[in-house]
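Down below is the structure, laid out as structure tokens.
The values are calculated or read from the model by the stated rules, or taken from the named source; none is laboratory data. Computed from a prediction, not measured in an experiment: that's the story for all the values here. No Cβ is skipped: glycine too gets one built from the backbone with ideal geometry, and neighbour counts run over all protein chains shown. Protein only, heavy atoms only, side chains kept; ligands, DNA and RNA dropped before computing areas. Shrake-Rupley method; radii C 1.70, N 1.55, O 1.52, S 1.80 Å.
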Amino acid sequence: MSQAIKLVAGLGNPGERYETTRHNAGFWFLDQVVARDGGQFRPESRFQGDTAEVQIRGHRVRLLKPTTHMNRSGLSVAALARFFRIEPAQILVVHDEIDLPVGAARLKTGGGPGGHNGLKDIIAHLGDRGFHRLRLGVGHPGERSQVINYVLRRPGAAEQKLIDEAVYDSLREFDGIVEGDLMVVMNRLHARKLPGDKPLAAEPSKATAAASKTD
């Protein structure tokens with residue numbers, strides 16, 4: 001079993017312009033956490049983000065929505081982590097993932113940014129890749145040149161429903177993630193069936209015996 005999670009950072013862009021766009025899937029997840037567990041987000045200028053706290057099975061968990069915009073997410077995550085002396089292995093980053101089908105949810109530890117600028121900046125500022133990631137699939141536009149416009153647009157109703165289901169299913173596993181029971185959660189999330197698809201296979205990893213993949 002891994003260390004308990006002390007910080008959950010959901011990635012997105014601040015402001016009404018972006019709140020319904022695919023890139024804000026990490027924010028959507030944290031909104032459901034506070035709705036379930038009674039936290040309340042407040043702006044915290046020293047961490048360049050909105051923060052909240054929840055108690056999960058006796059664990060104090062800090063929630064963070066960086067307000068730095070996606071490409072500078074690491075400024076916010078690193079500032080909070082260093083202030084509270086939270087190690088990378090105690091951090092979960094929740095983000096949209098274009099390399100997964102719409103509505104998929106996967107948990108992994110470590111690896112590279114895979115083209116995700118929020119992850120890239122977090123790795124740069126933490127100086128460590130060993131944090132955990134909850135990847136919420138939003139699908140791919142098909143052309144690399146279209147990715148930026150795609151993630152900054154709102155998904156259609158059918159896609160939104162699938163993403164919402166991934167968020168809710170991940171929320172049901174959240175307590176296990178916080179407690180560090182990552183392999184069990186990983187197997188359950190990766191076994192979820194999407195419409196017309198086979199179950200997603202679990203990936204082997206270093207710290208959690210899951211996901212050695214570097215994307």
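The table below lists the values:
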read-out: Trypsin sites (Lys or Arg not before Pro) within segment 12-63: DSSP coil, no more than 15 neighbouring Cβ in 10 Å; value: Arg17, Arg57
read-out: Cut-off 13 Å between beta-carbons: net charge of the residues surrounding Thr51, Lys and Arg +1, Asp and Glu -1; value: +3
read-out: Cα gyration tensor shape for segment 1-100, rounded if a/c is under 1.5, else prolate or oblate; value: rounded
read-out: Label-to-label distance, nm, for residues given as Glu87 and Glu159 (7 Å Cα→Cβ offset); value: 3.9 nm
read-out: Estimated vicinal HN-Hα couplings, Hz - segment 73-88 in sequence order (Karplus 6.51, -1.76, 1.60; Gly, Pro = x); value: 4, x, 4, 6, 4, 5, 4, 5, 4, 6, 4, 9, 6, 9, 7, x
read-out: Projected label distance in nm at Arg60 and Arg172, using a 7 Å step from Cα toward the beta-carbon; value: 3.2 nm
read-out: Shape of the chain, Cα gyration tensor, a/c cut at 1.5; value: rounded
read-out: Residue-averaged [θ]222 nm for the chain, counting only DSSP H segments that reach four residues, each worth -39500 (n - 2.57); value: -9500 deg cm²/dmol
read-out: Per residue accessible area in Å² of the chain, where ligands, DNA and RNA are left out and the probe is 1.4 Å; value: 46 Å²
read-out: The chain: relative contact order in percent, alpha carbon pairs under 8 Å with at least 6 residues between; value: 25 percent
read-out: Accessible surface of the chain, 1.4 Å probe, proportion on carbon and sulfur as whole %; value: 48 percent
read-out: In the chain, lysine pairs closer than 23 Å at Cα, eight or more apart or cross-chain; value: 18
read-out: Spacing of the two label points (7 Å from each Cα toward its C-beta) at Ser145 and Ala124, in nm; value: 2.6 nm
read-out: Extension gain (nm, one decimal) between Ala191 and Thr20, 0.36 nm per residue minus Cα-Cα; value: 58.8 nm
read-out: Distant-in-sequence amide H partners of Arg153 (H built 1.01 Å from N, under 5 Å); value: Arg22, His23
read-out: Amide H within-cut-off set for Val93, under 5 Å, with H built and near neighbours excluded; value: Ala9, His132, Arg133, Leu134
